[in-house]
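Contents: one structure, followed by commentary.
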Amino acid sequence: MSSYVGRRSLLAGAAGMAGVAGMAMAQAAPAAAATGRRYEGKVVLVTGATSGIGREAAIAFAGEGAKVGFCGRRENLGWQVEREIKQSGGEATYIKADVRDPRQLQTFVDRVVRTYGGLHVAMNNAGVQHRKYLTDMTLAEWEDTLATNSRAVWLGIKYQAPHIKESGGGVILVTGSANEFATRPYAGAYAASKGAVTGLVRSAAVELGASGIRVVALSPGTTDTAMVDGWRSIMAPDASDEEWAALKAGPQPGIDGLKRMARPKELATAALALASEDMSFLTGVSVLVDGGMLAGI
Ligand SMILES: NC(=O)c1ccc[n+]([C@@H]2O[C@H](COP(=O)([O-])OP(=O)(O)OC[C@H]3O[C@@H](n4cnc5c(N)ncnc54)[C@H](OP(=O)(O)O)[C@@H]3O)[C@@H](O)[C@H]2O)c1
């Protein structure tokens, strides 16, 4: 498959290399973050917060007063995020855990509850993507994708819900994807794993609503994180670091609405909004935060 197809499909012909002169872009900074400390006195857990969207969410929840427990496998990054939060006056604990291992996931959840005395919001965010055609995908890659993006979400819900109920109710967020609804070449296993999230969120919402637990998927479109960098070898194998950075920062014709990638902080802002009391009647849905990527035809 040529890198042209990859480029059309992810950055969708994005400019950097080809140029899209005159394209109107919504490059303006996101609206000012909500003010106030909506999570004062709350305990929040985030899986996969060593980088990207999870990292920004952990920082943002702590910034609004939450005590945050988070996991990820890369210890150096985990300690770094914990340090950053504490240096800004927030409270956070990094606990190394691989969400593919049920015992590690359960221990992580229980340790957060023991450390902070309850659980009010759980954000099941850890995710991976192997960029392969379905016909080239190995069994190990398929199982890694499903174990991380789907099974760990189910197990997360299973382990988190009793604690949230005991704490008087709360919210389970899952980081889904625009790939719940549409897909592209090289994303077959990922799309299947995120499609499972759609079903899990609905099922959990109808089973847990009576316990005072809302369950919502935050479904990002293309967001500038390490996950997008994983496409580089397919889309722009010959690009220098500078060219790749320019390609990502440039206009994105495939993102029909805003014509740019999201910044991870914008997804964190959305996560805080969805988990907040302002959204007290929202449950059992996937909320697309994709800059209008799926709005076009
Ligand atoms: N970026 C996008 O365009 C995009 C679009 C739609 C949805 N998403 C979703 O957003 C979520 C976050 O991804 P991201 O874009 O922020 O990418 P990222 O920077 O690569 O973050 C992924 C996070 O998941 C963690 N993780 C992966 N496997 C794990 C495991 N087995 N156990 C524990 N943690 C694990 C990683 O930590 P360690 O490596 O340290 O374990 C990392 O903190 C994912 O669910 C992804 O599918 C991303």
For this session: Sort out which residues of the range 55-82 are under 19 Å from D224 (Cα atoms) and without any contact (Cβ under 8 Å) to a residue 40 or more places away in the chain, and write them in order of number.
Result: A58, L77, V81
Exercise. Exactly one of (1) under 15 Å from the mean Cα position of the chain (by Cα); (2) assigned to a loop (DSSP other than H, G, I, E, B) is unmet by A182. Its number?
Worked result: (1)
Seminar exercise, completed: Flagged in the range 193-216 as in contact with an Asp or Glu (Cβ under 7 Å, 6 or more places away or on another chain) and either more than 9 Å from the ligand (Cβ to nearest atom) or farther than 21 Å from T148 by Cβ (or both), in numbering order, are G195, T198
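Restricting attention to the range 151-182, which residues are within 10 Å of the ligand (Cβ to nearest atom), in contact with a helix residue (DSSP H, G or I) (Cβ under 7 Å, 6 or more places away or on another chain) and over 17 Å from V46 (Cα atoms)? Before the answer, list the steps.
First, pick out the residues of the range 151-182 that are within 10 Å of the ligand (Cβ to nearest atom): 152-153, 174-180.
Adding the requirement that they be in contact with a helix residue (DSSP H, G or I) (Cβ under 7 Å, 6 or more places away or on another chain) leaves 152-153, 174-177, 179-180.
Matches in the range 151-182: N179, E180.
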Seminar exercise, completed: Of the residues in the range 68-84, those that are surrounded by fewer than 24 Cβ atoms within 10 Å (Cβ to Cβ) and more than 10 Å from the ligand (Cβ to nearest atom) come to W79, Q80, E82, R83, E84
Problem set entry | For I172: the one exception among (1) touching a Gly at 6+ places or on another chain (Cβ under 8 Å); (2) open to solvent by 10 Å² or more (accessible area, probe 1.4 Å); (3) of a type outside the set (G, A, S) | (2)
Exercise. Of the residues G250, G257, G188, G296, which single one is in the same structural domain as R151 (by TED's automatic domain parsing), open to solvent by less than 60 Å² (accessible area, probe 1.4 Å) and of a type outside the set (S, T, N, Q)?
Worked result: G188
Problem set entry | Residues of the range 271-283 classified as open to solvent by 20 Å² or more (accessible area, probe 1.4 Å) and in contact with a strand residue (DSSP E or B) (Cβ under 8 Å, 6 or more places away or on another chain), total | 4
Problem set entry | Every residue from the range 49-67 that is open to solvent by 10 Å² or more (accessible area, probe 1.4 Å) and among the aliphatic types (A, V, I, L, M) | I53, I59, A60
For this session: Identify the single condition in (1) among the β-branched types (V, I, T); (2) assigned to a helix (DSSP H, G or I); (3) within 16 Å of the chain's Cα centre (by Cα) that V171 does not satisfy, given that it satisfies every other one.
Result: (2)
For this session: Only one of these is assigned by TED's automatic domain parsing to the domain that holds R214, under 12 Å from A189 (Cβ atoms) and either among the hydroxyl-bearing types (S, T, Y) or within 15 Å of the ligand (Cβ to nearest atom) (or both): T115, T138, T107. Name it.
Result: T138
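Yes/no matrix, rows are residues, columns are (1) under 30 Å from S167 (Cβ atoms); (2) in contact with a Gly (Cβ under 6 Å, 6 or more places away or on another chain); (3) modelled with pLDDT of 95 or more; (4) among the hydrophobic types (A, V, I, L, M, F, W, C):
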residue: R214; (1), (2), (3), (4): yes, no, yes, no
residue: A217; (1), (2), (3), (4): yes, yes, yes, yes
residue: P220; (1), (2), (3), (4): yes, no, yes, no
residue: D224; (1), (2), (3), (4): no, no, yes, no
residue: R232; (1), (2), (3), (4): no, no, no, no
residue: E242; (1), (2), (3), (4): no, no, yes, no
For this session: Please specify each residue of the range 237-247 satisfying the condition of being open to solvent by 40 Å² or more (accessible area, probe 1.4 Å) and over 19 Å from T223 (Cβ atoms).
Result: P237, D238, S240, D241, E242, E243
Seminar exercise, completed: Within the range 217-236, of all residues that are within 8 Å of the ligand (Cβ to nearest atom) and open to solvent by less than 30 Å² (accessible area, probe 1.4 Å), the one farthest from I53 (Cα to Cα) is G230
Exercise. Within the range 130-146, is there a residue that is small (G, A, S) and crowded, with 16+ Cβ neighbours inside 10 Å?
Worked result: no
Seminar exercise, completed: Being assigned to a helix (DSSP H, G or I) and in contact with a strand residue (DSSP E or B) (Cβ under 9 Å, 6 or more places away or on another chain) narrows A147, A152, A192 down to just A152
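The values are calculated or read from the model by the stated rules, or taken from the named source; none is laboratory data. Predicted, not measured: the structure shown is a model, and the values here were computed from it. All Cβ positions, glycine included, derive from the backbone under ideal geometry; neighbour counts span all protein chains shown. Heavy atoms of the whole protein, side chains included, go into the accessibility calculation; ligands, DNA and RNA do not. Shrake-Rupley method; radii C 1.70, N 1.55, O 1.52, S 1.80 Å.
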